[in-house]
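Bear in mind these aren't lab numbers, they're just calculated from the coordinates by the rules spelled out. Everything quoted here is computed from the prediction, not taken from an experiment. Reconstructed Cβ throughout: ideal geometry from the backbone, glycine too, with neighbour counts over all protein chains shown.
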């Protein structure tokens with residue numbers, strides 16, 4: 001698992017704003033951010049979750065103002081996914097592939113001893129498979 005997961009995980013706290021989340025998504029070119037309390041994961045926020053609540057089709061110069069207004073109406077805790085499927089560093093790449101193939105999400109937090117140590121995504125898995133050819 002260590003060979004394909006991202007270890008330096010960008011994370012959020014429930015006290016962070018959705019505006020901060022959007023900046024993290026854009027600045028780091030990522031699509032999933034674990035939400036933590038200390039080192040313990042309590043949820044995961046996807047860029048899709050954020051787009052669902054914003055007016056993604058808003059155009060013009062007021063777009064930023066609309067997003068900010070909408071983001072201030074919700075907390076990270078209200079928007080994040082709380083029913084998590086996690087894996088451990090001992091989980092095989094094959095097991096990760098099986099989970100991601102069957103579920104409707106695209107990222108798995110890697111948790112050892114109740115501590116978030118990484119994240120593995122469908123992109124990580126595809127890149128690993130491409131390296132095999």
Check your understanding: Over the Cα atoms of the range 18-131, what is the Rg over Rh ratio if Rh follows Kirkwood?
Key -> 1.02
Practice item. For an R0 of 22 angstrom, estimate the FRET efficiency from the Cβ-Cβ distance between residue 103 and residue 51 and round to the nearest 0.05. Key: 0.65
Exercise for review: For n ≥ 4 DSSP H runs only, could you compute -39500 (n - 2.57) per run for the chain, divide by its residues and tell me the 222 nm figure to the nearest 500?
Suggested key: -10500 deg cm²/dmol
Practice item. Measure nothing fancy, just the Cα-based angle from helix 93-102's long axis to the longest principal axis of the chain, in degrees from 0 to 90, nearest 10. Key: 50
Review point. Taking 0.36 nm per residue of separation and subtracting the Cα-Cα distance, what length does fully extending residue 75 through residue 113 add?
Key: 10.9 nm
